[in-house]
Amino acid sequence: MIIVQILVLVVLVGVFGALHWYLWRRLVRDTTAEGSAWRRAGTVVVVAGAVLGLAAVRDDMPGLPFAWESAVDWPGFMWLALFLYLLLALAVGEAVRPVLLRWLVRRDARLADAMAAASAPKTVARQSELVSAGVSHPDPAQLPNAAATEPEAGPSGLASPALLSRRRFVSRVVGGAAGVVALGTTGYGTYNVLAGPQIKRLTIPLAKLPRTAHGFRIAVVSDLHLGPILGRDFSQRVVDTINSTQPDLIAVVGDLVDGSVTDLASAVEPLADLRARHGSYFVTGNHEYVSGAAQWVEKVRELGLRPLENARTELPGFDLAGVNDVTGEREDHGPDFARALGDRDRSRTAVLLAHQPVVIDDAMSYGVDLQLSGHTHGGQMWPGQLLAGLANPTVAGLERYGDTQLYVTRGVGTWGPPVRVGAPSDITIVELASTQA
């Protein structure tokens, strides 16, 4: 097993290195002169980015202070986001490159033909003059339009446009366009995260919900991922946004943190200010089990949230249940639907909090009316939606599976790069609607 893991790691690092070599080739080698300061600087940037990216995606950095992790994670993950969109832009550029080269060749050929046609009469006339003067074999240098000496490279070390080969010119055009697109996309995605989540409102009709519970509002928040990148200021912004909606109940459906209680105690303190008429509830996500789930369950309880560890509580008009994340199975603390839902009155509406959408089949078998989940981040960074769709029944939004409805929020934070592209963060206010009302 260890050998297989090592082989997989070697292959992944090899692919990672090969992609960086391709990036260096297209953006540095093909666009700069050998031995130039530009080539040396570009090489340093690509190599440093690769090293920081690998350091950022490590599982742990034992012995390093938490502040050091933040110092590595910010540049490392930002490079990975930029790296992704540079690769995508350059892939498009590969299709543009031959078209642009052919256009340049044809343009230059047309210009050469036009110049030759324009100079032909002058050349013939000059030859006649030289023959009349007794020069039977004129020196080509004495004829019009002789080739001029090409200009030297500029003081910056970069060749002037007249000296650039067609290929280098095309490489600079394609590489420059790729850089602009990648930087713009990454910057836009970072702004989407740091600006904070938007409020999304959704009404979900439930057939068994009594009229007395009609209009009950649940604030669904997931995937804060508080850690080395997103800290206390971000969590305070999330708490303020939730409280501004004045919900009846707050459901925190996992992946609250990326780190230990010791390192993130300050970052989660604003959660103590969450306010809802029927309280705040919490279920674990897969990242809690990386960071110490038992300690975090106790910590959120201290902050005033009620953990639902394979448990259920009765609320006016419906049952609210919660199950542990499936990752907890490694520690014998996985989801237990029988314990959470097995002995309930099925004539009552059941709302289930479960971090991962993949437990929808269990929810259906236990007669759950509505499952509220997160985990997917809505794909977070395009084209991540395609990959998320392979592993989850629903990537984002509301879908029906038999008699059970599943709603998946895109969450508020990020894992890895603090970048969201095509998957805006949200806090969803789910309003339960009785069809009897």
Tell me, His375, His20 in order of fewest to most beta-carbon neighbours within 10 Å? His20, His375
What percentage of all Cα-Cα pairs in the stretch 197-434 are separated by more than 22 Å? 47
When semi-axes √(5λ) of the Cα gyration tensor in Å is calculated directly from the model, which label among (1) 36, 29, 19; (2) 41, 33, 21; (3) 63, 24, 18 fits? (3)
Fewest-first sequence of Thr313, Thr284, Thr428, Thr404 by Cβ atoms within 10 Å of each Cβ: Thr313, Thr404, Thr428, Thr284
At 0.36 nm per residue, minus the direct Cα-Cα distance, what do Glu298 and Val96 gain on full extension? Give it in nm, one decimal, please. 67.1 nm
Would you mind checking the tilt of helix 37-56 against the longest principal axis of the Cα atoms of the chain, expressed as 0 to 90 degrees and rounded to 10? 20
Additional length obtainable on full extension of the chain from Ala195 to Arg306, 0.36 nm per residue less Cα span: 37.1 nm
Beyond 18 Å, the calculated P(r) of the stretch 1-58 holds a percent of Cα-Cα pairs equal to 45
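How high is the FRET efficiency between Arg29 and His278 when r is their beta carbon distance and R₀ equals 45 Å, given to the nearest 0.05?
So the FRET efficiency works out to roughly 0.15.
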For Leu386, Leu100, what's the fewest-to-most ordering of other Cβ within 10 Å of each Cβ? Leu386, Leu100
What angle, in degrees between 0 and 90 and rounded to the nearest 10, separates the Cα long axis of helix 166-194 from the longest principal axis of the Cα atoms of the chain? 20
Would you mind pulling out the separation of the Cα centroids of the stretch 50-104 and the stretch 368-399, in Å? 24
Sparse-neighbourhood loop sites, trypsin sites (Lys or Arg not before Pro) in the stretch 213-289 - DSSP loop, at most 15 other Cβ within 10 angstrom: Arg275, Arg277
Dividing the convex hull volume of the Cα atoms of the stretch 395-435 by its residue count, what figure in Å³ per residue is obtained? 86
Can you tell which of Ile204, Ile250, Ile360 shows the greatest fluctuation in a Gaussian network model of the chain with Cα springs below 10 Å? Ile204
Have a look at the DSSP beta bridges in the chain and tell me what percent are antiparallel, nearest 5. 30
Treating the beta-carbon of each Lys and Arg as +1 and of each Asp and Glu as -1, no other charges, what is the dipole magnitude of the chain about its Cα centre, to the nearest 20 debye? 1860
Rounded to the nearest 500 deg cm²/dmol, what is the calculated helix-only ellipticity per residue at 222 nm for the chain, with -39500 (n - 2.57) per DSSP H run of length n ≥ 4? -15000 deg cm²/dmol
If I build a Gaussian network model for the chain, linking alpha-carbon pairs within less than 10 angstrom, which residue out of Trp38, Trp103, Trp74 has the largest mean-square fluctuation? Trp103
Identify which of Val368, Val28, Val15 has the largest mean-square fluctuation in a Gaussian network model of the chain, with springs joining Cα atoms closer than 10 Å. Val15
Quick check: residue separation of Ala391 and Leu19 times 0.36 nm, minus the Cα distance between them. What number comes out in nm? 131.4 nm
Using the alpha-carbon atoms, what tilt in degrees (0 to 90, nearest 10) does helix 66-132 show relative to the longest principal axis of the chain? 20
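A short reminder: the numbers here are calculations on the coordinates, not readings from a lab. Quick caveat: nothing in here was measured; it's all calculated off a predicted structure. Heads up, the Cβs are rebuilt from the backbone with ideal geometry, glycines too, and the neighbour counts pull from every protein chain shown.
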